[in-house]
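Written out below as structure tokens is the structure these notes cover.
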């Protein structure tokens with residue numbers, strides 16, 4: 001089965017150039033499992049494909065699949081952990097405001113996607129595949145639920161990071177609402193991609209349009225988050 005390298009447009013957290021042979025084999029198998037699953041889900045529908053079938057196509061056991069991906073949903077929605085790691089690192093950096101940190105992460109994710117589209121032999125077909133990917137996740141209840149759960153986890157991680165940099169508790173209202181606002185920027189980017197990735201624009205124009213939408217939203221919340229950082233915690 002020939003699959004598209006779907007993971008190429010997802011920012012990587014590791015350092016492939018310094019990894020050993022064992023780590024390289026694990027990374028490549030993980031990529032193959034995710035790419036194969038994504039192709040099968042998009043062709044037949046998420047609920048119509050069993051994990052055992054994915055394992056058989058890849059020549060591994062079903063247990064091996066679950067060693068790499070804890071749930072069936074994570075086979076296709078596997079970017080959350082990379083985003084979480086980037087959030088924890090970015091929000092801990094005192095040289096960048098929370099909004100700046102979020103924008104840097106979003107820009108990296110968008111750049112990976114639009115660069116992948118540009119690199120394909122048929123960018124128009126590649127854009128259509130991304131739209132199909134989005135349609136699949138929106139139309140599948142279990143994928144929507146998994147995405148909501150991952151968003152909740154990202155909000156929790158962001159609230160913890162924001163609380164540490166301001167001397168508050170993660171349960172305080174300020175880091176909670178600040179984290180929720182920041183994660184809202186991911187929803188803006190997702191919806192903007194759905195709007196602008198229509199097949200008529202080049203990848204560069206899509207990148208420009210989506211970036212403009214995200215920055216408009218970020219500008220709206222920037223003032224409030226700046227006052228959050230400056231205010232003293234209350235006990």
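The values are calculated or read from the model by the stated rules, or taken from the named source; none is laboratory data. Owing to the predicted nature of the structure, the values given are computational and were not obtained by experimental measurement. Note that each Cβ is placed from the backbone with ideal geometry, even for glycine, and that neighbours are counted across all protein chains shown.
Residue check: is residue 145 assigned by TED's automatic domain parsing to the domain that holds residue 221, modelled with pLDDT of 95 or more and surrounded by 18 or more Cβ atoms within 10 Å (Cβ to Cβ)? No; evaluated as a whole, the condition is false for this residue.
Taking the stated definitions as given, is residue 106 closer than 22 Å to residue 212 by Cα, at pLDDT 95 or above and part of a helix (DSSP H, G or I)? Against the criterion (closer than 22 Å to residue 212 by Cα, at pLDDT 95 or above and part of a helix (DSSP H, G or I)), residue 106 qualifies. Scanning region 56-67 for residues that are buried (at least 16 other Cβ atoms within 10 Å of the Cβ) and either at pLDDT below 95 or part of a loop (DSSP other than H, G, I, E, B) (or both) yields a single hit, 60.
The residues of region 154-171 that are surrounded by fewer than 20 Cβ atoms within 10 Å (Cβ to Cβ) and modelled with pLDDT under 95, listed by number, are 164, 165, 166, 167, 169, 170, 171. For region 195-217, the set of residues classified as assigned to a helix (DSSP H, G or I), in contact (Cβ under 8 Å) with a residue 40 or more places away in the chain, in contact with a helix residue (DSSP H, G or I) (Cβ under 6 Å, 6 or more places away or on another chain) and surrounded by fewer than 19 Cβ atoms within 10 Å (Cβ to Cβ) is empty.
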